[in-house]
Each structure stands twice: as C-alpha cells, then as structure tokens.
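In what follows, a single structure is set out as structure tokens and then discussed.
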Amino acid sequence: MNPEMQRRLYEMEVAPPPAVWEKLSLNIDEINADNLIASKVLNAELVPPASVWEKIDSTINNVVDEKPVQKKGTVINLRRLAVAAIFIGVVVTAWILIRNNDSRALARVENPTREQTSPDTNTTQEKDPNLIDSPFT
C-alpha cells in the first residue's frame, strides 16, 4: 500500500450514528452502578460472636494435637502381581500348545534328512558293466 493511501486512511474520521452514543452512555451508567454495589460488598464486614471464635480455636488446637493423617498411596500387592504373572504364563503356554496341532512337536527334535544323490559318473573308478545309469535312481 502506498504511503499516501495509508495517510488518508489514518486521518479519515467517520461520525457514528447518534443512537450508538446513547446506548454506550446507558451501558457505562450501568457499569458504574455495578461498581458501586461491588465496592460495598467487598468492604462489608461482619464480626462473628465470641462463642464462634472459641469453637474455632478449640477445633484448631485439637487438629494440632492429633498426628497428621498420612495419605494413602498406591500399594502394589506383590502376591497379586505374582498370581497375575503365573496366570498369563499359563494362558500363553496353553495358547501355543493349542495352536500347534502336534503337541509332541515342541519336545521332539527333527533329524534333517540327507538327500540321496546318484554316483558321480566322472570318477575314474571302475564301473560294473551290467549297471545302467538312470537319472531316476
């Protein structure tokens, strides 16, 4: 925005309608009336009877004589925690065994099978002339 336009907008004055000033004046008068009431309420004091002070003093003295009450904190019951851990272990073990169809597969160790290969035909060993090499043997 060029500086001339900014200056013109800054110096521009528009007169508000007269009804707006009347409403603002009424609102300000109400606010001032509320301020007077608020100051009276804040400055109001009541003197309690002497017997009330005696009861308050005796109550305070009784509280000071008593031991302070300890707050209850979160207590972890180790027995319950151990039972929960055992229960979770049993559930997990049962789940593993049920998922496995062969229940003895966990204890059994499978031996790897050796692949049978045909004898090497490139060796210099003597071969039986009656033996025919077959790719399916």
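Bear in mind these aren't lab numbers, they're just calculated from the coordinates by the rules spelled out. Everything numeric here is computed off the predicted structure, so don't read it as measured data. Glycine also receives a Cβ, built like all others from the backbone with ideal geometry; neighbour counts cover every protein chain displayed.
Here are some notes:
- For PHE87, net neighbour charge (Lys/Arg +1, Asp/Glu -1) across residues whose Cβ lies under 15 Å away: +2
- Dimensions of the range 17-65 along the principal axes, based on C-alpha atoms and rounded to the nearest Å, stand at 71, 20, 8, largest first.
- Ranked packing of 11-18, 75-82, most packed first, by mean Cβ within 10 Å: 75-82, 11-18
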